[in-house]
Amino acid sequence: METSKKWTRDELLIALNLYHKLPFGKLHAKNPTIISLAQHMGRGANSLAMKLCNLASLDPALKLRGIKGLDGASTLDRAIWNEFHEDLNESVPVSENALRTLLGISDDVDLEILPDTGIRTLKRPPGGPTEILVPAKVRRGQQYFREAVLNNSGNSCNVTGLPIRELLVASHILPWGLHPQHRLDVRNGLCLSRLHDAAFDRGFITFDEDLKLILSPLLIAQLPQRSIEENFTAYAGTSLLFPNDAALPDPAFLWEHQMNIFRNS
């Protein structure tokens, strides 16, 4: 197996795709996802893990948390990093397609990156007309965003800690339709249960600059209704749950949600 060959543009796009789906603490050669992907690349796991840590040194979201990657990022690494993040709507689908091609995964299969157990594929159930009309490019972006947001949050709801992946939603802070430039930005995402995603999307809850949950007066007015108490009041004033190495939500995005979407009266 070759371990010293030069990295290609497509390989770096795949590495960046993986980088944004794995927490910083999982970027090591014993991680099952890194082992599997490195084998498909014809590289050693150490080589891929080191490249991911080099990319981490370029990540401003990690720098905000005082986390530093390795110092070996190359000129090409920096160029591809800038290219990738200049327009995520264009670069993410390309990287998703490159990843699927490398792994030999067909279009009718969903691909999941599970940080602790590796790569999982799920046969997609037959969809209705709405799903059929979604362009492949958009679908690839949605798949990437979900994986990046859920894994960034430790695969649990940021509010309740619910750890059942199938019941979790990658929720946009700034609405998908109104802010296309931030659609695939992990810092524009929260991992929420389906109930809390709906409440957040419709302005019944929001989060302040300290990431603490605020309830709309419309919810408070329903007290002492048991479901409101158990699902919302119990978490009011508590901070969002994130791993120590996560990329935290952009405060400006939360502020805009609080000002323009939250139902404060």
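The values are calculated or read from the model by the stated rules, or taken from the named source; none is laboratory data. Since we're looking at a predicted model, the values are computed, not measured. Neighbour counts are summed over all protein chains in view; Cβ atoms, including those assigned to glycine, are modelled from backbone coordinates with ideal geometry. With ligands, DNA and RNA removed, areas are computed over all heavy atoms of the protein, side chains included. Shrake-Rupley method; radii C 1.70, N 1.55, O 1.52, S 1.80 Å.
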tail above 12 Å in the computed P(r) of segment 153-192, as % of all Cα-Cα pairs, reads 54 percent
HN-Hα couplings for segment 177-183 via Karplus (6.51, -1.76, 1.60; θ = phi - 60°), in whole Hz with x for Gly/Pro, come out as x, 9, 9, x, 5, 10, 4
Against the 2.2 N^0.38 Å rule of thumb, the C-alpha Rg of the chain sits at a ratio of 1.05
Simple SL model, points at 7 angstrom along Cα→Cβ for residue 78 and residue 210; separation in nm is 4.0 nm
Taking r as the C-beta separation of residue 137 and residue 238 and R0 as 35 Å, the FRET efficiency to the nearest 0.05 is 0.40
Segment 108-265 accessible area per residue, 1.4 Å probe, protein heavy atoms, integer Å², reads 50 Å²
Hull surface over four for the Cα convex hull of segment 50-89, reported in nm², is 2.9 nm²
Plugging the Cβ-Cβ distance of residue 101 and residue 178 into 1/(1 + (r/R0)^6) at R0 = 45 Å yields, to the nearest 0.05, a FRET efficiency of 0.85
Taking R0 as 22 Å and r as the Cβ-Cβ distance between residue 94 and residue 36, the FRET efficiency 1/(1 + (r/R0)^6), rounded to the nearest 0.05, comes to 0.55
accessible surface per residue for segment 62-104, probe 1.4 Å, DNA/RNA/ligands not counted, whole Å² -> 56 Å²
If one compares the long axis through the Cα atoms of helix 136-152 with the longest principal axis of the Cα atoms of the chain, the angle in degrees, nearest 10, works out at 80 degrees
Short to long, in 10 Å steps from zero, the percent of alpha-carbon pairs of segment 219-265 per bin is 21, 37, 34, 7
Excluding ligands, DNA and RNA, the carbon-plus-sulfur percentage of the accessible area of the chain with a 1.4 Å probe reads 56 percent
Over all viewing directions the Cα convex hull of segment 120-265 casts an average projected area in nm² of 9.8 nm²
By accessible area (1.4 Å), largest first, 78, 65, 100 order as 78, 65, 100
Ignoring ligands and nucleic acids, residue 186 exposes an accessible area, probe 1.4 Å, in Å² to the nearest 10, of 30 Å²
Summing -39500 (n - 2.57) over every DSSP H run of at least 4 residues in the chain and dividing by its residue count gives a helix-only mean residue ellipticity at 222 nm, to the nearest 500 deg cm²/dmol, of -12500 deg cm²/dmol
Hits in segment 194-217: amide N under 13 Å from the 7 Å Cα→Cβ extension of residue 160, namely 194-200
Hydrodynamic radius by Kirkwood for segment 1-96, inverse mean 1/r across distinct Cα pairs, in Å, is 13.4 Å
Cα-Cα longer than 32 Å, checked against 6/123; 137/212; 6/26, kept in input order, equals 6/123; 137/212
The helix 88-103 Cα axis meets the longest alpha-carbon principal axis of the chain at an angle in degrees, between 0 and 90 and rounded to 10, of 50 degrees
